[in-house]
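I have a structure I would like to understand better, so I am pasting it below and will then ask my questions one at a time.
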Amino acid sequence: MSDQRIRSIAIVGGGTAGWMAAATLARVLKNGYSTITVIESPEIGTVGVGEATIPPIRTFNSLLGIDEDDVIRKTQATLKLGIEFKDWARLGHTYLHPFGKYGMPIDQVAIHHYWLRLRAAGYDAPLVDFSLSGTAAQLGRFIRPVDNPRLILSSLSYALHFDASLYAAYLREYAQARGAQRLERKVLRVELRSDDGFIRALHLDDGTALEADLFIDCSGFRGLLIEQALQTGYEDWTAWLPCDRAVAVPCESAGPLTPYTRSTAREAGWQWRIPLQHRVGNGYVYCSRYISDDEAAIKLLANLDGEARAEPRFLRFTTGRSKKFWNKNCIALGLASGFLEPLESTSIHLIQSGVTQLAAIFPDRTFNAFDIAEYNRLQIEEYDKVRDFIILHYKATTRDDAPLWRYCQHMSIPDALQYRIDVFRNSGRVSFQDRELFVEPNWLSVFIGQGIWPMRYDPLADMPPLESIRDQLQRFRALVRQTAEAMPTHADFVKSIVS
């Protein structure tokens, strides 16, 4: 057989997406298998607001062989045990979406069914009390989990908050140390092959042309390759997720170093708060139909922890995804592939998913159609399911104090999401598949947190005597609390790493 290996890869755009791709491929494609070139223009800034992550980021860092403590030190990172949601279900209401599990099943029945049974009998302990991550988050505590499944510390799960620009720089150094090249150039024109429409070369601002076998589009909202050159097409989700703009600004830290992200629902959208070691990241995601840019900036600046450290920066976007993530010899990652607002901190994960899936379905120069179809199927499924999870937050609200929330209450939703809601309302069971990013504890947190209550629970939860179940849950709740209280404070844990 002739050598059909991919000899050269060109990545257009640096930032988090570009350098996550370069770092992964530099790690996987060893012994000079392919040259990797990142074209990064100093004139084009990166969005750089994806500073909150979810637990799979730890798998990604582990895949690269990166020491997490080193990442924490070099990216001003803090630890994250979940996301706090304020004013989403109704004004004045707060709930936590913690990472990790809620307790352990009893006789093969999930613990929340027993909790629902006790609640019907007047038991008032909140569900979050049975989550170690959730309890530790509320107490401002942190320690890493253990591998022993018999210990309660194994149920804790966490992610990172970090400075996205510092993380990109960290990965750039990693990738370059493993042979990736960086060109400080601007792409002026994309040349396609006349016979099949594949990308042949990138024409750069210094008059040179860069040819490659595989092109990865990390050019952000521009979609320089996937959309402008290949005209792949875009699926617009504005009808379900109407927010179309964001304004972001960092501010001085004030108060305790909380181990969770906060999302506060506002009149025309929601505000994020991401605590880092050296500052707090803030932003207001909003719908321009209901508030102007100036009003959004004023609202954001009025709700900061401390003094703003920069001028507000505005972003415009259309929520949705590319109709194909892999088209011909081009793969889109990050904002070039689509945009889902960072309500559940999925932006960096979706980059991670795309590049690790590429490593798993890596092509040769024949670009087999079945490889491309399978990659697109997996990425489309992932985006669509994450989309539905985010829509749930907007749909499941009783707020009627502003036009956005009235619209969301009455909007139609995807059939797959409606099915999940109906299953939970009718049985207390969570419908999900094994390969999904968000599984039972995640959906359960938002269903209960936003007031979607089931009409019944698993009938098998009625087998043990009520007092026996009450005693078991009370003992477990006390163990969770005792374990969390024995942890160091989050601030002390971070200090022990960086000092």
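The values are calculated or read from the model by the stated rules, or taken from the named source; none is laboratory data. Remember, it's a predicted structure, so these values are computed and weren't measured experimentally. Neighbour counts are summed over all protein chains in view; Cβ atoms, including those assigned to glycine, are modelled from backbone coordinates with ideal geometry. Just the protein is used for accessible areas: all its heavy atoms, side chains included, with ligands, DNA and RNA removed. Shrake-Rupley method; radii C 1.70, N 1.55, O 1.52, S 1.80 Å.
For the structure I just gave you, tell me whether residue 125 is touching a Gly at 6+ places or on another chain (Cβ under 7 Å), assigned to a loop (DSSP other than H, G, I, E, B) and modelled with pLDDT of 95 or more. Reasoning before the result, please.
Values: touching a Gly at 6+ places or on another chain (Cβ under 7 Å): no; assigned to a loop (DSSP other than H, G, I, E, B): yes; modelled with pLDDT of 95 or more: yes.
Against the criterion (touching a Gly at 6+ places or on another chain (Cβ under 7 Å), assigned to a loop (DSSP other than H, G, I, E, B) and modelled with pLDDT of 95 or more), residue 125 does not qualify.
Could you check, for the stretch 225-237, whether at least one of its residues is under 30 Å from residue 328 (Cβ atoms), part of a loop (DSSP other than H, G, I, E, B) and aromatic (Phe, Trp, Tyr)? Show your work before the answer.
Narrowing the stretch 225-237 to residues under 30 Å from residue 328 (Cβ atoms): 225-237.
Pick out the ones that are also part of a loop (DSSP other than H, G, I, E, B) and you get 230-233, 237.
If we keep only those that are aromatic (Phe, Trp, Tyr) as well, we get 237.
Yes, that holds for at least one residue.
If you scan the stretch 139-170, which residues turn out to be in contact (Cβ under 8 Å) with a residue 60 or more places away in the chain, in a helix (DSSP H, G or I) and polar (S, T, N, Q)?
The one that is in contact (Cβ under 8 Å) with a residue 60 or more places away in the chain, in a helix (DSSP H, G or I) and polar (S, T, N, Q): 165.
Continuing with the same structure: When you scan the stretch 260-280, how many residues do you find that are in a loop (DSSP other than H, G, I, E, B) and within 18 Å of residue 449 (Cβ to Cβ)?
In the first step, residues of the stretch 260-280 are kept if they are in a loop (DSSP other than H, G, I, E, B); the result is 260, 267-268, 276-279.
Subset that is within 18 Å of residue 449 (Cβ to Cβ): 260.
Total meeting the criteria: 1.
Just checking, which of 308, 332, 360, 373 is modelled with pLDDT of 95 or more and crowded, with 22+ Cβ neighbours inside 10 Å? Talk me through it step by step, then tell me what you get.
Values: 308 fails: crowded, with 22+ Cβ neighbours inside 10 Å; 360 fails: crowded, with 22+ Cβ neighbours inside 10 Å; 373 fails: crowded, with 22+ Cβ neighbours inside 10 Å.
Sole residue among the options that is modelled with pLDDT of 95 or more and crowded, with 22+ Cβ neighbours inside 10 Å: 332.
Further, regarding this structure: Regarding the stretch 444-460, can at least one residue be identified that is touching a strand residue (DSSP E or B) at 6+ places or on another chain (Cβ under 7 Å), under 19 Å from residue 104 (Cα atoms) and either part of a loop (DSSP other than H, G, I, E, B) or hydroxyl-bearing (Ser, Thr, Tyr) (or both)?
yes
Now, a different point. Find the residue count for the stretch 171-222, including only residues that are part of a loop (DSSP other than H, G, I, E, B), more than 27 Å from the chain's Cα centre (by Cα) and small (Gly, Ala, Ser).
So the count comes out to 5.
I want to confirm something. Restricting to the stretch 281-295 and keeping residues that are open to solvent by less than 50 Å² (accessible area, probe 1.4 Å) and not in a loop (DSSP other than H, G, I, E, B), which single residue is nearest to residue 72 (Cα to Cα)?
281
Looking at the stretch 348-404, which of its residues are over 25 Å from residue 451 (Cβ atoms), without any contact (Cβ under 8 Å) to a residue 12 or more places away in the chain and not in a helix (DSSP H, G or I)?
Within the stretch 348-404, just 368 meets the criteria.
Are any residues in the stretch 461-480 assigned to a helix (DSSP H, G or I) and either among the β-branched types (Val, Ile, Thr) or farther than 16 Å from residue 124 by Cα (or both), and if so, which ones?
First, pick out the residues of the stretch 461-480 that are assigned to a helix (DSSP H, G or I): 461-462, 466-480.
Those that are assigned to a helix (DSSP H, G or I) and either among the β-branched types (Val, Ile, Thr) or farther than 16 Å from residue 124 by Cα (or both): 461, 462, 468, 469, 479, 480.
Within the stretch 128-152, can you find the residues that are touching an Asp or Glu at 6+ places or on another chain (Cβ under 8 Å) and surrounded by 24 or more Cβ atoms within 10 Å (Cβ to Cβ)? Give the derivation first.
Going residue by residue through the stretch 128-152, those that are touching an Asp or Glu at 6+ places or on another chain (Cβ under 8 Å) are 135, 137, 139, 141.
Across the stretch 128-152, the qualifying residues are 135, 137.
Still on this model: Of all residues in the stretch 240-267 being over 15 Å from residue 301 (Cβ atoms) and modelled with pLDDT under 95, which is least open to solvent (accessible area, probe 1.4 Å)?
If we filter the stretch 240-267 for residues that are over 15 Å from residue 301 (Cβ atoms), which is where we start, we get 240-245, 253, 255-263, 265, 267.
Of the ones still in play, those that are also modelled with pLDDT under 95 are 253, 255-257.
On the way: 253: 59, 255: 70, 256: 102, 257: 44 Å².
By that ranking, first place goes to 257.
Could you say whether any residue in the stretch 177-197 is touching a Gly at 6+ places or on another chain (Cβ under 8 Å), under 25 Å from residue 80 (Cβ atoms), at pLDDT 95 or above and of a type in the set (Gly, Ala, Ser)?
Going through the stretch 177-197, the residues touching a Gly at 6+ places or on another chain (Cβ under 8 Å) turn out to be 179, 182.
Pick out the ones that are also under 25 Å from residue 80 (Cβ atoms) and you get none.
No, the conditions are met nowhere in the stretch 177-197.
Quick one: in the stretch 268-278, of everything that is on the phi < 0 side of the Ramachandran plot and of a type outside the set (A, V, I, L, M, F, W, C), which residue is surrounded by the most Cβ atoms within 10 Å (Cβ to Cβ)? Can you show your working first?
Initial filter on the stretch 268-278 (on the phi < 0 side of the Ramachandran plot): 268, 270-278.
So of that shortlist, the ones also of a type outside the set (A, V, I, L, M, F, W, C) come out as 271, 273, 275, 277-278.
Values: 271: 23, 273: 21, 275: 25, 277: 20, 278: 11.
If we take residues in the stretch 268-278 being on the phi < 0 side of the Ramachandran plot and of a type outside the set (A, V, I, L, M, F, W, C), then 275 is surrounded by the most Cβ atoms within 10 Å (Cβ to Cβ).
If you don't mind, another one. Residues 185, 200: which one is without any contact (Cβ under 8 Å) to a residue 12 or more places away in the chain, over 28 Å from residue 98 (Cβ atoms) and either open to solvent by 50 Å² or more (accessible area, probe 1.4 Å) or in contact with a Leu (Cβ under 8 Å, 6 or more places away or on another chain) (or both)? Write out each step before concluding.
Details: 185 fails: without any contact (Cβ under 8 Å) to a residue 12 or more places away in the chain.
Testing whether each residue is without any contact (Cβ under 8 Å) to a residue 12 or more places away in the chain, over 28 Å from residue 98 (Cβ atoms) and either open to solvent by 50 Å² or more (accessible area, probe 1.4 Å) or in contact with a Leu (Cβ under 8 Å, 6 or more places away or on another chain) (or both) leaves just 200.
Output the number of residues of the stretch 460-487 satisfying the condition of being open to solvent by 50 Å² or more (accessible area, probe 1.4 Å) and either of a type in the set (S, T, N, Q) or closer than 30 Å to residue 74 by Cα (or both). Spell out how you get there, then give the answer.
In the first step, residues of the stretch 460-487 are kept if they are open to solvent by 50 Å² or more (accessible area, probe 1.4 Å); the result is 460, 462-463, 465-467, 470-472, 474-475, 477-479, 481-482, 485-486.
From what's left, either of a type in the set (S, T, N, Q) or closer than 30 Å to residue 74 by Cα (or both): 472, 474, 482, 485-486.
Total satisfying the criteria: 5.
I'm trying to understand the selection: among the residues of the stretch 5-22, which are more than 17 Å from the chain's Cα centre (by Cα) and among the hydroxyl-bearing types (Ser, Thr, Tyr)?
Within the stretch 5-22, just 8 meets the criteria.
Tell me yes or no: at least one residue of the stretch 302-325 is in a strand (DSSP E or B), closer than 30 Å to residue 372 by Cβ and of a type in the set (Lys, Arg).
Residues of the stretch 302-325 that are in a strand (DSSP E or B), as a first pass: 308, 313-316, 320-322.
Next cut, closer than 30 Å to residue 372 by Cβ only: 320-322.
Going one step further and asking which of them are of a type in the set (Lys, Arg), we end up with 321.
Yes; the residues of the stretch 302-325 include at least one that is in a strand (DSSP E or B), closer than 30 Å to residue 372 by Cβ and of a type in the set (Lys, Arg).
Any chance the stretch 393-414 includes a residue that's surrounded by 20 or more Cβ atoms within 10 Å (Cβ to Cβ), under 25 Å from residue 162 (Cα atoms) and modelled with pLDDT of 95 or more?
Checked the stretch 393-414: at least one residue is surrounded by 20 or more Cβ atoms within 10 Å (Cβ to Cβ), under 25 Å from residue 162 (Cα atoms) and modelled with pLDDT of 95 or more.
For the stretch 315-331, name all the residues that are closer than 15 Å to residue 10 by Cα and either within 17 Å of the chain's Cα centre (by Cα) or without any contact (Cβ under 8 Å) to a residue 60 or more places away in the chain (or both).
326
What number of residues in the stretch 326-346 are closer than 10 Å to residue 215 by Cα and in a loop (DSSP other than H, G, I, E, B)?
Of the residues in the stretch 326-346, 2 are closer than 10 Å to residue 215 by Cα and in a loop (DSSP other than H, G, I, E, B).
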